[in-house]
Amino acid sequence: MSATHLLVGTRKGLAIYHKKNDQWNYETMHFSGIPVSIAYADPATHFWWACLDHGHWGVKLHRSNNQGKTWEEVAAPAFPEGSEIKEGLPATTQYIWSLQNGGLDRPGHLWLGTVPGGLFKSEDNGDSFHLVESLWEEPTRTTDWFGAGMDHPGIHSILIDPRNSDHIFVGISCAGTYESVDNGKSWTIRNKGLYASFLPDPYAEVGHDPHLLRFCEAKPEVLWQQNHCGVYRSEDSGLNWKEVSDKTKNVYFGFPIEVSKTDPLKAWIFPSKSDEERTAINGGLSVCRTDDGGQTWNVFRKGLPQEACFDIIYRHCLVANEQTVAFGTTCGNLFISEDEGASWTCLNNYLPLIYSLQFV
């Protein structure tokens with residue numbers, strides 16, 4: 001189904017773009033001046049969600065049942081009293097990094113991922129949340145999980161198998177990929193084949209840094225991740241990962257990855273220069289697409305700045321819907337393509353830093 005709205009979570013509010021007569025136009029800004037870490041439209045209930053990272057008041061959570069005409073605040077997920085990140089350090093919800101519905105067959109079920117590595121669940125459309133103790137008590141959490149860009153581990157990716165809502169993947173920085181086949185009652189580590197140059201043992205079972213985890217909705221056993229140390233693909237639900245990087249085309253370091261909903265061989269990445277610099281490569285932006293499962297990559301630059309540009313994009317800022325692809329940058333530039341990324345049009349150069357995008 002073609003999208004009619006684009007939700008843009010930014011450092012200074014939630015921007016809404018609307019497509020009418022084949023043109024995308026800015027419509028409105030919600031929560032002006034407040035960071036929106038994730039904006040999410042739930043296809044099961046059609047509620048819109050805004051996760052706020054308020055500098056003074058902390059984490060806040062809002063929902064709307066009328067496409068943003070009005071918003072209602074609900075209590076943000078909180079750790080049970082006595083929970084500790086590690087011995088002597090109390091656990092509090094510092095950041096909401098991911099939000100995902102519990103399956104189209106379970107309207108009102110939501111999964112929510114936080115820093116410091118807490119997975120929360122709601123079965124009443126956000127009226128209440130409870131910590132998923134099975135993952136919080138997973139033995140590797142206190143010994144092998146650690147923070148990357150954040151002070152503590154964070155759950156930035158939650159994937160629900162559209163064929164079976166009990167089947168769940170989460171991506172954790174830094175820990176890796178974990179899978180549950182019983183609706184979160186138990187978890188299995190899925191990091192075989194990944195390489196992490198920053199670990200004492202680069203092939204360790206736990207401690208990897210998937211920057212983002214995605215799958216093909218039509219074939220969910222095909223998983224992709226933009227990892228801290230390369231681009232990886234799995235064809236067996238994460239049992240085995242294979243690197244599909246191409247350093248000759250700068251397909252290696254970056255934060256986002258997007259996958260076609262219908263074609264398990266098609267994916268997009270946005271490359272950045274290096275872990276040390278984290279800037280655009282050679283002063284220009286590009287998007288890379290594979291149509292053959294990562295065997296080869298095509299580099300697209302048409303319509304993108306190629307001189308004196310230092311922009312990059314964060315994890316949740318590259319999205320695709322049918323032929324339409326969009327990305328938003330750390331400098332507030334918003335680009336859109338209607339031909340699978342081959343050419344680009346700028347929608348805005350003057351937004352705040354962009355944290356998330358979603359087509360609706």
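Bear in mind these aren't lab numbers, they're just calculated from the coordinates by the rules spelled out. As the structure is a prediction and not an experimental result, all values here were calculated from the model. No Cβ is skipped: glycine too gets one built from the backbone with ideal geometry, and neighbour counts run over all protein chains shown.
Surrounded by fewer than 20 Cβ atoms within 10 Å (Cβ to Cβ), among the acidic types (Asp, Glu) and more than 26 Å from Lys185 (Cβ to Cβ): which single residue out of Asp127, Asp151, Asp144 fits that description?
So the residue among Asp127, Asp151, Asp144 that is surrounded by fewer than 20 Cβ atoms within 10 Å (Cβ to Cβ), among the acidic types (Asp, Glu) and more than 26 Å from Lys185 (Cβ to Cβ) is Asp151.
Within the bounds of the stretch 76-83, is there any residue that is under 22 Å from the mean Cα position of the chain (by Cα) and crowded, with 21+ Cβ neighbours inside 10 Å?
yes
How many residues does the stretch 70-84 contain that are among the aromatic types (Phe, Trp, Tyr) and closer than 14 Å to Val132 by Cα?
Of the residues in that region, 1 qualify.
Can you run down the residue pairs with Cβ atoms below 8 Å, 6 or more apart or on separate chains, where the first is in the stretch 262-284 and in contact (Cβ under 8 Å) with a residue 12 or more places away in the chain and more than 14 Å from Val244 (Cα to Cα) and the partner is surrounded by fewer than 18 Cβ atoms within 10 Å (Cβ to Cβ) and hydroxyl-bearing (Ser, Thr, Tyr)?
Ser272/Thr279; Lys273/Thr279
Looking at the stretch 12-26, which of its residues are surrounded by fewer than 20 Cβ atoms within 10 Å (Cβ to Cβ), in contact (Cβ under 8 Å) with a residue 12 or more places away in the chain and touching a Phe, Trp or Tyr at 6+ places or on another chain (Cβ under 7 Å)?
Matches in the stretch 12-26: Tyr26 only.
Residue under question is Ser272, and the condition is that it be touching a Gly at 6+ places or on another chain (Cβ under 8 Å) and of a type outside the set (D, E, K, R); does it hold?
It is true that Ser272 is touching a Gly at 6+ places or on another chain (Cβ under 8 Å) and of a type outside the set (D, E, K, R).
Looking at Phe270, is it touching a Lys or Arg at 6+ places or on another chain (Cβ under 8 Å), closer than 28 Å to Ala39 by Cα and crowded, with 20+ Cβ neighbours inside 10 Å?
Spelling it out, it is not the case that Phe270 is touching a Lys or Arg at 6+ places or on another chain (Cβ under 8 Å), closer than 28 Å to Ala39 by Cα and crowded, with 20+ Cβ neighbours inside 10 Å.
Where residues in the stretch 76-101 are in a strand (DSSP E or B) and of a type in the set (A, V, I, L, M), which of them is nearest to His46 (Cα to Cα)?
If we take residues in the stretch 76-101 being in a strand (DSSP E or B) and of a type in the set (A, V, I, L, M), then Leu99 is nearest to His46 (Cα to Cα).
Here is a yes/no grid of residues against (1) within 20 Å of the chain's Cα centre (by Cα); (2) small (Gly, Ala, Ser):
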| position | (1), (2) |
| --- | --- |
| Arg233 | yes, no |
| Gly238 | yes, yes |
| Val244 | yes, no |
| Thr248 | no, no |
| Ile257 | yes, no |
| Pro264 | yes, no |
| Trp268 | yes, no |
| Asp275 | yes, no |
| Arg278 | yes, no |
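I'm told Cys51 meets every condition in (1) within 30 Å of Thr140 (Cα to Cα); (2) surrounded by fewer than 17 Cβ atoms within 10 Å (Cβ to Cβ) except one. Can you identify the failing condition by its number?
(2)
Is it fair to say Thr45 is touching a Gly at 6+ places or on another chain (Cβ under 8 Å), in contact (Cβ under 8 Å) with a residue 60 or more places away in the chain, assigned to a loop (DSSP other than H, G, I, E, B) and within 30 Å of Ser134 (Cβ to Cβ)?
For Thr45, the condition - touching a Gly at 6+ places or on another chain (Cβ under 8 Å), in contact (Cβ under 8 Å) with a residue 60 or more places away in the chain, assigned to a loop (DSSP other than H, G, I, E, B) and within 30 Å of Ser134 (Cβ to Cβ) - is met.
State which residue is farthest from Ile158 (Cα to Cα) when the search covers only the stretch 52-75 and only residues that are in contact with a Phe, Trp or Tyr (Cβ under 8 Å, 6 or more places away or on another chain), without any contact (Cβ under 8 Å) to a residue 60 or more places away in the chain and assigned to a strand (DSSP E or B).
Ser64
Exactly one condition in (1) surrounded by fewer than 21 Cβ atoms within 10 Å (Cβ to Cβ); (2) of a type in the set (Phe, Trp, Tyr); (3) in contact (Cβ under 8 Å) with a residue 24 or more places away in the chain is not met by Tyr355; state its number.
It fails just one condition, (1).
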